[in-house]
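Read through the structure below, which is laid out as structure tokens, and then see the notes.
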Amino acid sequence: MLTDDEPEVGVQEDPPSLGDQAGACFHRYREGQDQALGELVDLASPLLWNVARAHGCDREAAEDVVQDVWIRLVDRAADIRESGAVLGWLVIAVKRESWRTAKMARRTSYDPTGTVDPGETEPGPEAAAILTERQQVLWAAVQELSERCRQLLRIVAFCDRPDYDEISAALGMPRGSIGPTRGRCLDKLRRSLAADDRWEDR
């Protein structure tokens with residue numbers, strides 16, 4: 001019989017979400033551990049970059065937006081009451097700045113080849129299913145997807161552990177619909193690629 005102090009055999013705790021990890025880094029940064037800010041930047045930048053891209057920024061503009069938001073975070077770190085809210089703060093800030101930047105640039109369409117370069121970040125399992133050397137065929141298929149699918153895959157595909165709460169805030173999509181929508185989008189992409197004679201599975 002297990003006591004309250006004995007862990008249940010076979011039960012594993014879920015790994016921390018991206019939001020939890022970001023909150024822990026931000027908490028340590030505010031406690032005076034300056035190196036924790038660098039860890040936070042490394043952790044959250046891939047998501048933030050793709051949020052900017054999903055909201056109409058080109059590569060250069062996305063980099064500028066993310067950099068500006070990091071600077072703003074340093075200036076306003078004391079204004080964020082809960083450390084665990086930092087990723088949400090960053091996502092919303094990038095989203096708003098991206099809208100402003102895209103509007104100023106009068107951008108109305110997406111770059112069909114716009115994605116994280118293989119050397120810029122290390123893609124997770126979902127990215128590996130999408131990011132390949134046959135990008136020309138792949139991104140032609142991606143462009144056939146709906147705008148919502150393109151936005152969602154741009155953000156979700158390049159995060160090791162995407163935080164659905166922050167993605168929901170970034171895209172205005174109910175949290176519970178993110179997983180099913182992602183599955184449908186990926187299924188459409190796979191079927192499109194399977195129908196293309198130029199695409200060969202390895």
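Rule-based calculations on the coordinates, nothing more; no lab input. All of these numbers come straight from a predicted model, not from anything done at the bench. All Cβ positions, glycine included, derive from the backbone under ideal geometry; neighbour counts span all protein chains shown.
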request  = Counting other beta carbons within 10 Å of each Cβ, put 49, 99 in order, fewest first.
outcome  = 99, 49
note = By Cβ neighbour count within 10 Å, fewest first, 25, 185, 149 rank 149, 185, 25
ask   = Can you sort 80, 167 by how many other beta carbons sit within 10 Å, fewest first?
value = 80, 167
key: Qualifying GluC sites (Glu not before Pro) for the range 18-80 [loop in DSSP, other Cβ within 10 Å: at most 13]   = 31
